[in-house]
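In what follows, a single structure is set out as structure tokens and then discussed.
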Amino acid sequence: MKIKEIYHYINEIAPFDQALDYDNCGILLGDPDKEVKKCLICLDVTETVLKEAVQIGAQLIVSHHPVIFHPVKQILDSSLLSRLIRQNIVVLSAHTNLDMAERGVNYQLALKCGLMPETLRKIPDDTAKQADGFGLAGRLPQPMMPSEFVAFIKQSLGIQRIKYTDGKKEIRTVAISCGAGGFLMDTVIQSGVDALVTAELKHHELLEAVSAGLTAVDAGHFETEQIIKAPLRQMLADRFKEIDFFCAEEEENPACYL
């Protein structure tokens, strides 16, 4: 089985041409015609992930965040890219295309937030010129008060410390956007939902939420996106039964908290 066949499958479930303009997705390092028997799935390609890939004998790393995002001006022997090349490991990155996929990161986050799948709908965002449907909105099976809802999110995503605004009203409808979804704040408020779950909310965005009576939950970039690893591994394993797929087990949130 060649790596390009995995690329074509991911392109079916999360089309690469749907990625946002600024993004860099696809096979970013290595030979698409290389044979693959073992694949490691991760959020970020780091030194720890490379070590784990070498230990299991992986020919391919599938990452969510692109291993090459900004233009590369040099590749020194000591760099991560150089070591990936020397280890002959191919890297395939699926980022915003996977965020927005039918069963992608946002969908998995919605499930983790307790939203009923049959109620999910896309949130359009023409004002920010982002792809339509970068966020999702849905309903909870049972209403919760803000503190109860935030405690549920904290437990569900395994968050050490969580930041939020108190909308001071019962939560029945929730919008979600994995990663840094603060750009959706105006659209979310206009949609009339009771809460927003995303990450990296800025101070002025928190003020907007308070003014609108919205419970806005900053659940962390790592926490809102690492949840895709297990579902993606299962989808790939179901499709390519002759390949062994592994989730990176040593990945840790780069942010530390006291």
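A 1.4 Å probe run over segment 1-141, with the rest of the protein chains in place, finds 49 Å² accessible per residue. Here the label points at SER147 and ASP77, each 7 Å from Cα along the C-beta direction, are separated by 6.0 nm in the simple model.
When the chain is described by a simple charge dipole with +1 on each Lys and Arg Cβ and -1 on each Asp and Glu Cβ, the residue from SER191, GLY57, LEU76 located farthest towards its positive end is GLY57. Taking amide H as placed 1.01 Å from N in the peptide plane, ILE171 has its amide H under 5 Å from the amide H of MET144, MET145, each at least 5 places away in sequence or on another chain. Averaging 1/r over each pair of different alpha-carbon atoms in the chain and inverting the result gives 19.1 Å, the Kirkwood hydrodynamic radius.
Carbon-plus-sulfur accessible fraction, the chain (probe radius 1.4 Å, protein heavy atoms only): 49%. Shape class of segment 5-50 from the Cα gyration tensor (axes a ≥ b ≥ c, square roots of the eigenvalues): oblate, since a/c reaches 1.5 or more and a/b does not exceed b/c. Only lysines eight or more places from LYS2 in sequence, or on another chain, were considered; those with a Cα closer than 18 Å are LYS34, LYS37, LYS38, LYS241. Per-residue extension of 0.36 nm, minus the Cα-Cα distance of LEU29 and ILE56, leaves a gain of 7.8 nm for this segment.
The values are calculated or read from the model by the stated rules, or taken from the named source; none is laboratory data. All values reported here derive from a predicted model rather than from experimental measurement. Every residue, glycine among them, receives a Cβ derived from its backbone with ideal geometry; neighbour counts consider all protein chains shown. These accessible areas exclude ligands, DNA and RNA; they are computed on the full protein's heavy atoms, side chains included. Shrake-Rupley method; radii C 1.70, N 1.55, O 1.52, S 1.80 Å.
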